[in-house]
Amino acid sequence: MLKSRLAVLILVSFLFCFCKSSKDKSAKTNFSANESFSKEEGTQENLTDSVAYADTLSGKNAHYKPVLTRPFQLIHTKIDLKPNWTTETMSGSATLTIKPWFYSQDSLILDAKGFDIKQVKLNNTEVKFSYNQKRIRIDERLEKGKQYDVWIQYSATPKNVTHLGNAANAPENGLYFINAQKQSPNKPQQIWTQGQTSNNSCWFPTFDQPNIRTSQEVSITVEDRFKTLSNGRLLSSNKNNDGTRTDIWRQDTPHPPYLAMLAIGEFEKITDKWRDKEVAYYVEKAYKNDGKAIFGHTPEMIDYFSRLFKYDYPWDKYSQVVVRDYISGAMENTSASVFMEGLQMEKRCLIDDNWDGIIAHELVHQWFGDLLTCEGWGSLSLNEAFANYGEYLWADYKYGRDEADVLRADELESYLREAELKRRPIIRDYYENDDDMFDSHSYSKGFLVLHYLRHIIGDEAFFEGIALYLKQNAHTSVEVAQLRMAFEQVTGLDLALFFKQWLQTAGHPELEVTHSYLNGRVYLSIKQTQIAALSTVFHIPFEVEVWQNEKVTTYKSTLTEAEQTFSWPATAAPSAVILDPQGTIPARINHLKPEKELFFQLKIAKTFAAKAEAMKQLVNFVEKKEVQLAFLDLTYDKCWQIRQMACGAYGVPADNAVLERIKTLFEADPHSNVRMMALDMLVAQNVVTDAQIQKALNDSSYYVMSSAIYALAMTKGPDALPIIEKYENIDEKHIVAIIANFYSQIRIPNKLDWFTSKLNKVSGSELSYLLQPFATYLMGSENAVSDKGLDYLVQLGKADNYFQIRKDVIQAMSVIESFNPRAASMILELKTYEKDKRVLDWINYLGY
């Protein structure tokens, strides 16, 4: 999960709604614009008036996607390859040992995309074959019970494969040459693979389906300057007479073909260990002194999850490699996870944040996804929900429940945002394409449902059920019924309705809640307002806390109807009534309360969820002194996120006592995110001093330093230039982003070289973001500078591997066109060069 200062601000805006959605912007000013329905095109109130929008929500236009049949067992895969950097091809051979699954077969069909096939042999005898650039077909009789070796000599050119994907793992190349022609002096040469969902067949022939498992051996010949990494253990490494080296990696335990991986580069390998198994971190040489700090919790994580799941880490080793221009956040290849370059950072950056979440996510996949694998992509959540939940479990174990519950709130918000546009069952067999499954339903909602189930059945039963599920299904493909039956076997409960409603039904509860007191009883009324045609009426076990002064009574019950009222005895009107105080129900809950009760709730709440609920309602009245003082108390909370949110709530002139407390937070809070927010608030309140800005510029935290540069820009405008220029050589992304926006908004001349130097050092999401102020800068520059900037963008649009960056380049140039008409012809130049349909569609969408 990407974390940054931006992520912090998103969390604050979730609670306080400070920021407008980018969906309000037009196509030509919104980078990477979402072309799906915006909220304005189909709100909750008019859903029933729009059949098309309802179909979009429910997925009625999706296609049935059955689990793929298995005509053959894939017993072993042996690959022998050598890269050609000039042609960006992989040449060599593959031997697949297969056996009919049960029935004799009259032909064999293998997935193989973009190959030049030289020869095919079946049990050492050359055979005829047909090939359509996607699949190899061999028309030979293969008898039940017999084993066959299929040998294929080929050359693969992954970059020529047709791009069909549209989500997290697009494009479809499978194997990527990075800076193959050394055209980017600041970027290393690398090769890496990304197999999920069906992309590994771009570099070796196989069966593109998750319910097949194979042992594997990868022999790769590279220049001796490179290190290699693949699944399993390094069997041998031998230097050749021509300056190359051949490494052989072998994994004896079968796994799905999409989890095969290969990485090649001039990496620095940092070796660690867990018990007797190697744990290794592969980073660029510039980060050799930082790699242990970034990944160093990994052995502790492996030990924690092995104990928690009651199943020891199951693979030969665990390696983690950081690569350039990665097309996703990370990938859980068996025993060797790949990560985006954002994880590479100097140790100083770890003062502000860490990458434990994404590291834990990919590690948990080694059990859920690799050891057990969803049988079809419609069951993807059996992989991803557990991995997302792994982030929560690690945060709870290492940093405390509040830290974990902040993650849970973020997951809920992520799912609810997506649910405005689509509502599907978590487990589903109707969807557009495989990549369509990589959404917040599979990830976030799946995580939320697991956490809710844990709350219902209890910790002991939950983790016993997980352990049984792993033990019963290790090294197999699984479906959701097996998870349900494991929990039922442990608990003795019938969980069929729970699994049907929460995992196999679209939508979520939307609850309108009120409470009252009458004649010695507290009444709690709950109405489910979700549209039944798009979902269901849920059965919802819940807890409610009834507070009378400092005494709390917790009641448990179950909502089973669309509208229901519950009551409990009480000696007096309650001081507070808190539904779902732990924040476990995967629902949108609206429970409006009087201010007096909200103040009390802030005072006595023990959980992040209960505090955040009260804060969210009270922030609407932050101009009131009593609300400001209530938030002032929260700046002493043990949870740094609560302190940060309380500090950031003052969007109006604040009371003097509040201002003094904000100054103290800036001066002395132990968490850099809180100091950062405090400085931002001092700027917003127009009370920041030069001394405070100077102190922040000397802070150990880059977050605080970036806020200081922002404060300089806001308070001094162009006069801040001589000071800000002193920080130009810092490459930390928040510092770069602040300076880039300052230069673009103030129209500072002679900064083109600075922009291009920073653009050359980043890729992926950081590059995408930096293109925005770069475009703004060129818009305000004279044509000679703008022309040079456009030339740079054209080269970037031709050279970058990632289709989204090429789309963003087009977007930037389309914005610049209003100020420099030459941009239009350069977009058309890129259009003739471009092969990816997604980029071409974007160019057409923009009217070129």
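The values are calculated or read from the model by the stated rules, or taken from the named source; none is laboratory data. Quantities reported herein were computed from a predicted structural model and do not represent experimental measurements. Here Cβ is always computed from backbone atoms with ideal geometry, including for glycine, and neighbour counts include all displayed protein chains. Ligands, DNA and RNA are excluded from the accessible area calculation, which covers all protein heavy atoms including side chains. Shrake-Rupley method; radii C 1.70, N 1.55, O 1.52, S 1.80 Å.
Tabulated values for the structure
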quantity: Counted residues, region 315-330 - those being in a loop (DSSP other than H, G, I, E, B) and free of Cβ contacts under 8 Å to residues at least 60 places away in the same chain; calculated: 0
quantity: Residue pairs meeting the criteria (Cβ under 8 Å; at least 6 apart or on separate chains; first farther than 17 Å from Val736 by Cβ and without any contact (Cβ under 8 Å) to a residue 40 or more places away in the chain, in region 770-782; second of a type in the set (S, T, N, Q) and in a helix (DSSP H, G or I)); calculated: Gly780/Ser744
quantity: Residue match in region 362-379 (condition: of a type in the set (Phe, Trp, Tyr), open to solvent by 10 Å² or more (accessible area, probe 1.4 Å), in contact (Cβ under 8 Å) with a residue 60 or more places away in the chain and touching a Ser or Thr at 6+ places or on another chain (Cβ under 8 Å)); calculated: yes
quantity: Breaking point among (1) in a helix (DSSP H, G or I); (2) open to solvent by 20 Å² or more (accessible area, probe 1.4 Å); (3) closer than 20 Å to Lys556 by Cα, for Thr514; calculated: (1)
quantity: Exclusive hit being open to solvent by 70 Å² or more (accessible area, probe 1.4 Å) and of a type outside the set (Lys, Arg), set Asn186, Asn211; calculated: Asn186
quantity: Checklist (1) touching a residue at least 24 places away in the same chain (Cβ under 8 Å); (2) open to solvent by 10 Å² or more (accessible area, probe 1.4 Å) applied to Trp203, failing item; calculated: (2)
quantity: Unique residue being under 23 Å from the mean Cα position of the chain (by Cα), open to solvent by 30 Å² or more (accessible area, probe 1.4 Å) and basic (Lys, Arg) when the list is Lys277, Lys292, Lys269, Lys285; calculated: Lys292
quantity: Of all residues making up region 684-696, the number that are open to solvent by 10 Å² or more (accessible area, probe 1.4 Å) and part of a helix (DSSP H, G or I); calculated: 6
quantity: Complete set of residues in region 463-473 that are surrounded by 14 or more Cβ atoms within 10 Å (Cβ to Cβ) and in contact (Cβ under 8 Å) with a residue 24 or more places away in the chain; calculated: Phe463, Glu464, Gly465, Ile466, Ala467, Tyr469, Leu470, Asn473
quantity: Scope region 664-683; condition surrounded by fewer than 19 Cβ atoms within 10 Å (Cβ to Cβ) and in a helix (DSSP H, G or I); matching residues; calculated: Thr664, Glu667, Ala668
quantity: Of all residues in region 646-663 being open to solvent by less than 10 Å² (accessible area, probe 1.4 Å) and either closer than 21 Å to Leu350 by Cα or under 34 Å from the mean Cα position of the chain (by Cα) (or both), the one that is modelled with the lowest pLDDT; calculated: Tyr650
quantity: Condition check for Asp435: outside any helix (DSSP H, G or I), open to solvent by less than 30 Å² (accessible area, probe 1.4 Å), over 12 Å from Leu382 (Cα atoms) and of a type in the set (D, E, K, R); calculated: no
quantity: Asp429 touching a strand residue (DSSP E or B) at 6+ places or on another chain (Cβ under 7 Å), open to solvent by 30 Å² or more (accessible area, probe 1.4 Å) and acidic (Asp, Glu); calculated: yes
quantity: Unmet requirement for Asn333, which otherwise passes all of (1) in a helix (DSSP H, G or I); (2) under 15 Å from Pro256 (Cα atoms); calculated: (1)
quantity: Residue count for region 297-329, restricted to those that are within 21 Å of the chain's Cα centre (by Cα), open to solvent by 10 Å² or more (accessible area, probe 1.4 Å) and farther than 24 Å from Ser765 by Cα; calculated: 1
quantity: Residue list for region 432-455, filter: among the aromatic types (Phe, Trp, Tyr) and farther than 16 Å from Ser414 by Cα; calculated: Tyr452
quantity: The one condition in (1) touching a helix residue (DSSP H, G or I) at 6+ places or on another chain (Cβ under 7 Å); (2) more than 19 Å from Leu412 (Cα to Cα); (3) surrounded by fewer than 19 Cβ atoms within 10 Å (Cβ to Cβ) that Leu483 fails to fulfil; calculated: (3)
quantity: Checking Leu350 against (1) closer than 24 Å to Asp459 by Cα; (2) not in a loop (DSSP other than H, G, I, E, B), the condition it does not meet; calculated: (1)
quantity: Evaluation of Asp753 against (1) in a helix (DSSP H, G or I); (2) in contact (Cβ under 8 Å) with a residue 12 or more places away in the chain (one fails), failing number; calculated: (2)
quantity: Selection status of Phe742, surrounded by 19 or more Cβ atoms within 10 Å (Cβ to Cβ), within 25 Å of Ala713 (Cβ to Cβ) and touching a residue at least 24 places away in the same chain (Cβ under 8 Å); calculated: yes
quantity: In region 59-87, residue least open to solvent (accessible area, probe 1.4 Å) [restricted to those that are at pLDDT below 95 and part of a strand (DSSP E or B)]; calculated: His63
